[in-house]
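Read the figures in this text as sums done on the coordinates, not as results from a lab. Computed from a prediction, not measured in an experiment: that's the story for all the values here. No Cβ is skipped: glycine too gets one built from the backbone with ideal geometry, and neighbour counts run over all protein chains shown.
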Amino acid sequence: MPDLRSLPSVERLLQTQPASEMIAAYGRPLTLQAIRSVLDEVRARVSNGGEPTVRLSAHGEALPDREGLLESARLMLEEWTRPTLIPVVNASGVILHTNLGRAPLSAAALRAMQAVGHGYSNLEFDLGTGKRGSRLIHAEALLKWLTGAEAALVVNNNAAAVLLALSALASRRRVIIARSQLVEIGGGFRVPDVMKQSGAKLVEVGTTNRVHLSDYEEALSEPTALVLRAHRSNFKIIGFTEEPELKEITIVSHRAGVPVIDDLGSGSLLATERFGLGHEPTVQESLAAGVDLVCFSGDKLLGGPQAGIILGRADLVAKIKRHPLARAVRADKLCLAALTATLLHYLKDEAEREIPIWRMIAATPEQNKARAEGWAKELGQGEIVAGESTVGGGSLPGENLPTFLLSLAVKSPDKFLEKLRQQQPPIIARTENDRVLLDPRAVLPEQEGALLVGLKNVLGRKT
């Protein structure tokens with residue numbers, strides 16, 4: 001067994017030039033911990049009769065030399081401090097890719113976040129009176145202006161928005177919802193579970209595929225706090241189906257003196273039909289149908305940061321704002337800054353030009369074809385094929401956008417995808433019929449250079 005006493009001490013290693021460089025880069029406490037961990041690992045393995053994983057001496061000795069120990073410590077520090085959340089190139093063709101962070105933000109939204117994040121801000125300070133203000137006012141005026149709602153509230157996501165609204169308005173009271181709307185979305189978010197957590201008493205009406213207005217009327221004959229409509233944003237029910245219009249639901253509910261909440265999920269402010277897609281209910285349509293409150297996401301078809309938005313009747317929103325849970329799910333300054341900048345794009349009629357997801361949705365097949373052809377020319381290989389992009393993010397289920405793809409024939413598509421994910425930044429693509437497909441639609445223009453460098457690396461081409 002090698003003599004462990006010949007290992008250099010921690011103090012001796014700390015006095016070397018490589019250690020000084022590590023201290024400058026990572027700080028003394030972390031460098032000290034890395035060196036100790038490397039020495040402990042060597043001692044443990046040798047004591048157990050195994051070979052140390054640290055690089056052995058260049059002279060073939062059984063124990064690693066000083067340089068090997070320091071190099072192992074440096075690699076350990078790199079691994080410890082490597083961020084787990086990093087940018088990726090989305091060439092999958094899914095625009096609102098939930099696993100990839102959904103909506104990329106506009107340049108204006110990023111500038112707004114940097115402006116308020118770099119220093120202090122008037123998040124909860126009234127500049128007029130010099131006294132404490134409320135963060136709840138930020139973005140509210142724009143939301144009211146854009147939608148015609150009486151009041152609005154921003155929280156940290158739409159699940160929180162629904163939970164908060166139900167907790168504030170229907171705890172221990174009946175909430176009516178159609179069986180066809182008891183949905184589950186990504187991450188195990190189930191409407192019945194949220195209703196249970198809020199304390200509301202779930203009252204199901206109708207059947208899975210057919211719900212009649214009379215079902216609502218019968219349920220409303222008993223004391224009820226709310227009627228909830230949950231938009232099926234990530235699937236469709238087709239065939240022998242029936243469901244009353246939202247306006248009809250609001251009429252019978254209001255006749256019984258019961259407010260209606262519409263959980264839209266995506267919550268588009270633009271008509272999706274303009275882009276060759278199916279109809280996605282808009283926030284404005286829900287309010288026009290007479291609903292009392294609308295809940296929707298900020299990072300889906302709105303194209304902004306992760307947020308949950310509640311808007312509608314002023315008295316109901318005021319009650320929600322006062323609920324203790326509102327503080328637990330409130331939005332932070334970065335979210336409010338980015339959301340405000342995003343909403344301004346709609347107000348200035350520039351959403352299609354400035355908000356990335358709407359630029360991607362609006363991109364024509366010919367524009368995507370030209371980009372794919374440019375990639376193929378740069379790489380010196382690849383075939384341009386027709387294909388389809390999807391909106392994703394629990395929005396517009398079954399709706400696709402025609403596009404053109406760069407198709408690569410490789411020996412092992414799965415291994416090729418794995419190597420793409422190992423690039424800096426990682427590249428996310430997809431496979432079909434044993435070919436690797438890259439869709440230009442969701443690739444940001446500023447990432448094209450990194451995409452091509454990564455592809456050349458994996459293809460074995462010089463970059």
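Okay, here's what the table says:
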| item | result |
| --- | --- |
| Ascending count of other beta-carbon atoms within 10 Å, so fewest first, for Ile310, Ile23 | Ile23, Ile310 |
| Under-5 Å amide H pairs with Arg173, H placed in peptide plane, nonlocal only | Lys201 |
| Sequence-distant aspartates and glutamates (8 or more away, or on other chains) whose Cα lies within less than 15 Å of Lys319 | Glu150, Asp292 |
| Filtered trypsin sites (Lys or Arg not before Pro), segment 376-440: DSSP coil and at most 15 other beta carbons within 10 Å | Lys411 |
| Answer label for semi-axes √(5λ) of the Cα gyration tensor in Å (calculated), chosen among (i) 32, 26, 22; (ii) 50, 30, 23; (iii) 42, 25, 20 | (ii) |
| Neighbour-count order for Cys295, Cys335, fewest beta carbons within 10 angstrom listed first | Cys335, Cys295 |
| Whether segment 368-454 is rounded, prolate or oblate, judged on the alpha carbon gyration tensor where a/c under 1.5 counts as rounded | rounded |
| Built amide H within the under 5 Å cut-off of Ser268, gap 5+ | Val283 |
| Neighbour-count order for Tyr26, Tyr216, fewest beta carbons within 10 angstrom listed first | Tyr26, Tyr216 |
| Fraction of beta bridges assigned by DSSP in the chain that are antiparallel (%, nearest 5) | 60 |
| Expected 222 nm ellipticity per residue - DSSP helices of 4 or more, -39500 (n - 2.57), all of the chain, to 500 | -12000 deg cm²/dmol |
| Which listed pairs, of Lys131/Lys333; Lys196/Lys247; Lys415/Lys456; Lys196/Lys333; Lys321/Lys348, have C-alpha distances above 20 Å, in listed order | Lys196/Lys247; Lys196/Lys333; Lys321/Lys348 |
| Extended-chain gain in nm, criterion 0.36 nm per residue less alpha-carbon gap, Ser20 and Leu110 | 28.7 nm |
| FRET E, pair Thr81, Leu459, Förster distance 30 Å, beta-carbon r, rounded to 0.05 | 0.45 |
| Three-way shape call for segment 57-142 based on the alpha-carbon gyration tensor, with the a/c threshold at 1.5 | oblate |
| Karplus 3J(HN,Hα) series, Hz, for segment 244-260 with 6.51 cos²θ - 1.76 cosθ + 1.60 (x for Gly, Pro) | x, 5, 4, 4, 5, 5, 5, 5, 6, 5, 5, 4, 8, x, 10, x, 10 |
| Charge-dipole axis of segment 303-373 as Lys and Arg at +1 and Asp and Glu at -1 on Cβ define it, positive-most pick from Ile357, Ile309, Pro324 | Pro324 |
| FRET efficiency for Lys131 and Arg322, using Cβ-Cβ distance with R0 set to 25 Å, rounded to 0.05 | 0.80 |
| Relative contact order, percent, the chain [alpha-carbon distance under 8 Å, six or more residues apart] | 18 |
| Under 10 Å, Cβ to Cβ, from Leu96 - net charge with Lys/Arg +1 and Asp/Glu -1 | +1 |
